[in-house]
Amino acid sequence: ELWSGRAPEGAPRPGLRAGRPADLEAALALRRAAAGEDRSIIARAAWPARSFVFADGSGLRGATLPSAFRGTTAVAAAAVAGRAVLGASIASEPGEVRVAAPAGNGAAIDMLAGLGFRRELVAPRMRLGPPVEARPERLFRLYNLFWG
(Lines give C-alpha, C1' and ligand atoms only; values in the text may rest on other atoms or scores of the structure.)
Protein backbone atom coordinates (compact mmCIF):
# COMPACT_ATOMS: atom_id res chain seq x y z
CA GLU A 1 0.00 0.00 0.00
CA LEU A 2 1.17 3.53 -0.72
CA TRP A 3 0.30 6.16 1.89
CA SER A 4 0.88 9.92 1.90
CA GLY A 5 0.68 12.59 4.55
CA ARG A 6 2.51 15.35 6.38
CA ALA A 7 5.45 14.28 8.46
CA PRO A 8 4.97 14.83 12.19
CA GLU A 9 7.82 16.17 14.27
CA GLY A 10 10.06 13.49 15.71
CA ALA A 11 10.17 13.05 19.45
CA PRO A 12 12.99 11.46 21.45
CA ARG A 13 12.22 7.86 22.29
CA PRO A 14 14.18 5.55 24.61
CA GLY A 15 16.04 2.96 22.56
CA LEU A 16 15.92 4.96 19.32
CA ARG A 17 19.08 6.55 17.92
CA ALA A 18 20.92 7.29 14.70
CA GLY A 19 22.54 4.30 13.04
CA ARG A 20 26.28 3.81 13.47
CA PRO A 21 28.76 1.97 11.24
CA ALA A 22 28.92 -0.88 13.79
CA ASP A 23 25.12 -1.42 13.48
CA LEU A 24 25.14 -2.28 9.79
CA GLU A 25 25.47 -6.08 9.94
CA ALA A 26 22.74 -6.43 12.58
CA ALA A 27 20.45 -4.13 10.57
CA LEU A 28 21.07 -6.19 7.41
CA ALA A 29 20.25 -9.38 9.32
CA LEU A 30 16.91 -7.85 10.41
CA ARG A 31 16.24 -6.91 6.78
CA ARG A 32 16.98 -10.43 5.48
CA ALA A 33 14.79 -12.01 8.17
CA ALA A 34 11.90 -9.67 7.34
CA ALA A 35 12.07 -9.70 3.55
CA GLY A 36 13.48 -13.15 2.85
CA GLU A 37 15.90 -11.54 0.40
CA ASP A 38 19.37 -10.06 0.51
CA ARG A 39 19.29 -6.43 -0.59
CA SER A 40 22.45 -5.48 1.27
CA ILE A 41 24.14 -3.91 -1.75
CA ILE A 42 21.49 -1.16 -1.74
CA ALA A 43 21.82 -0.45 2.00
CA ARG A 44 25.62 -0.64 2.11
CA ALA A 45 25.86 2.16 -0.46
CA ALA A 46 24.23 4.69 1.87
CA TRP A 47 24.73 3.43 5.45
CA PRO A 48 24.61 5.09 7.99
CA ALA A 49 23.22 8.24 6.33
CA ARG A 50 19.54 8.73 7.20
CA SER A 51 19.50 5.54 9.27
CA PHE A 52 17.93 4.91 12.66
CA VAL A 53 18.06 1.90 14.94
CA PHE A 54 16.00 0.75 17.90
CA ALA A 55 17.85 -1.30 20.51
CA ASP A 56 16.87 -2.77 23.84
CA GLY A 57 18.55 -5.09 26.32
CA SER A 58 18.43 -7.96 23.82
CA GLY A 59 20.18 -6.03 21.04
CA LEU A 60 19.15 -4.34 17.82
CA ARG A 61 15.39 -4.85 17.32
CA GLY A 62 14.62 -2.40 14.49
CA ALA A 63 16.38 -0.37 11.83
CA THR A 64 15.89 1.85 8.83
CA LEU A 65 18.09 1.07 5.86
CA PRO A 66 18.46 3.94 3.41
CA SER A 67 19.16 3.51 -0.27
CA ALA A 68 21.25 5.64 -2.58
CA PHE A 69 17.96 6.48 -4.35
CA ARG A 70 16.33 8.34 -1.40
CA GLY A 71 14.07 5.46 -0.36
CA THR A 72 14.16 3.93 3.09
CA THR A 73 13.22 0.50 4.39
CA ALA A 74 12.15 0.11 8.01
CA VAL A 75 12.34 -3.38 9.50
CA ALA A 76 11.86 -4.73 12.99
CA ALA A 77 11.61 -7.92 14.98
CA ALA A 78 8.75 -6.50 17.10
CA ALA A 79 5.95 -3.97 16.60
CA VAL A 80 7.25 -1.52 19.24
CA ALA A 81 10.60 -1.33 17.46
CA GLY A 82 8.92 -1.12 14.06
CA ARG A 83 6.73 1.81 15.06
CA ALA A 84 9.78 3.59 16.50
CA VAL A 85 11.91 3.29 13.35
CA LEU A 86 8.95 3.97 11.04
CA GLY A 87 8.16 7.14 13.00
CA ALA A 88 11.79 8.27 12.88
CA SER A 89 12.04 7.68 9.14
CA ILE A 90 8.86 9.65 8.46
CA ALA A 91 9.82 12.51 10.79
CA SER A 92 13.20 12.84 9.05
CA GLU A 93 11.47 13.86 5.81
CA PRO A 94 10.00 17.36 5.88
CA GLY A 95 6.64 18.15 4.34
CA GLU A 96 4.53 15.70 2.38
CA VAL A 97 5.81 12.13 2.73
CA ARG A 98 4.98 8.99 0.74
CA VAL A 99 5.33 5.67 2.54
CA ALA A 100 5.01 2.20 1.03
CA ALA A 101 4.04 -0.46 3.57
CA PRO A 102 2.89 -4.06 3.15
CA ALA A 103 -0.85 -4.57 3.59
CA GLY A 104 0.08 -7.49 5.86
CA ASN A 105 1.59 -5.22 8.50
CA GLY A 106 -1.36 -4.05 10.58
CA ALA A 107 0.86 -2.17 13.07
CA ALA A 108 2.37 -0.04 10.27
CA ILE A 109 -0.97 0.57 8.56
CA ASP A 110 -2.65 1.52 11.86
CA MET A 111 0.19 3.90 12.67
CA LEU A 112 0.04 5.62 9.27
CA ALA A 113 -3.74 5.99 9.50
CA GLY A 114 -3.40 7.30 13.07
CA LEU A 115 -0.94 9.93 11.87
CA GLY A 116 -3.53 11.14 9.36
CA PHE A 117 -1.85 9.62 6.31
CA ARG A 118 -4.09 8.77 3.34
CA ARG A 119 -3.99 5.51 1.39
CA GLU A 120 -3.25 6.42 -2.22
CA LEU A 121 -3.20 2.98 -3.79
CA VAL A 122 -2.90 -0.72 -3.24
CA ALA A 123 -0.72 -2.80 -5.54
CA PRO A 124 -0.19 -6.57 -5.65
CA ARG A 125 3.18 -8.02 -4.71
CA MET A 126 4.71 -9.37 -7.89
CA ARG A 127 7.78 -11.50 -8.30
CA LEU A 128 9.84 -13.30 -10.89
CA GLY A 129 11.22 -16.63 -9.76
CA PRO A 130 10.62 -18.75 -6.70
CA PRO A 131 8.68 -17.35 -3.74
CA VAL A 132 10.58 -15.69 -0.92
CA GLU A 133 9.86 -16.19 2.75
CA ALA A 134 8.88 -12.61 3.50
CA ARG A 135 7.41 -11.71 6.87
CA PRO A 136 5.30 -8.61 6.18
CA GLU A 137 4.63 -8.07 9.89
CA ARG A 138 8.35 -7.22 10.18
CA LEU A 139 8.44 -4.85 7.18
CA PHE A 140 7.28 -1.41 8.31
CA ARG A 141 8.39 0.62 5.31
CA LEU A 142 9.58 -0.42 1.86
CA TYR A 143 12.13 1.37 -0.33
CA ASN A 144 9.33 1.86 -2.80
CA LEU A 145 6.55 -0.13 -4.44
CA PHE A 146 8.94 -1.57 -7.00
CA TRP A 147 11.91 -2.89 -5.02
CA GLY A 148 10.29 -3.78 -1.72
proj_area_mean for the chain (convex hull on C-alpha atoms), units nm², value 8.1 nm²
Can you work out the accessible area per residue across segment 43-116, with the rest of the protein chains kept in place, probe 1.4 Å, in square angstrom? 38 Å²
For segment 4-148, which whole percent of the accessible surface, found with a 1.4 angstrom probe, sits on carbon and sulfur atoms? 57 percent
Calculated [θ] (222 nm, deg cm²/dmol) that DSSP helices of n ≥ 4 give over the chain, each run adding -39,500 (n - 2.57): -7500 deg cm²/dmol
Return the sequence-ordered ³J(HN,Hα) values of segment 106-121 in whole Hz as given by the Karplus equation 6.51 cos²θ - 1.76 cosθ + 1.60 applied to θ = phi - 60°, using x for Gly and Pro. x, 5, 5, 4, 4, 5, 4, 4, x, 7, x, 6, 10, 6, 8, 6
Built amide H within the under 5 Å cut-off of residue 3, gap 5+: 99, 100, 101, 120
Pair residue 96, residue 18: separation of 7 Å Cα→Cβ label points (nm): 2.9 nm
Of 126, 111, which has the most accessible area with a 1.4 Å probe, and how do the rest follow in descending order? 126, 111
With every protein chain in place, the accessible area of residue 117 for a 1.4 Å probe, in Å² rounded to the nearest 10, comes to 10 Å²
Counting GluC sites (Glu not before Pro) as exposed when in a DSSP loop with at most 13 other beta carbons within 10 Å, what is the longest stretch of the chain free of them? 10-132
Under a point spin-label approximation (7 Å from Cα along Cα-to-Cβ), what is the residue 33-residue 118 distance to one decimal in nm? 3.8 nm
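The values are calculated or read from the model by the stated rules, or taken from the named source; none is laboratory data. Note that the structure is a prediction, hence the values are computed from the model and not measured. Quick reminder, even Gly has a Cβ in these numbers, built from the backbone with ideal geometry, and neighbours come from all protein chains shown. For accessibility, only protein heavy atoms count, side chains too; no ligands or nucleic acids. Shrake-Rupley method; radii C 1.70, N 1.55, O 1.52, S 1.80 Å.
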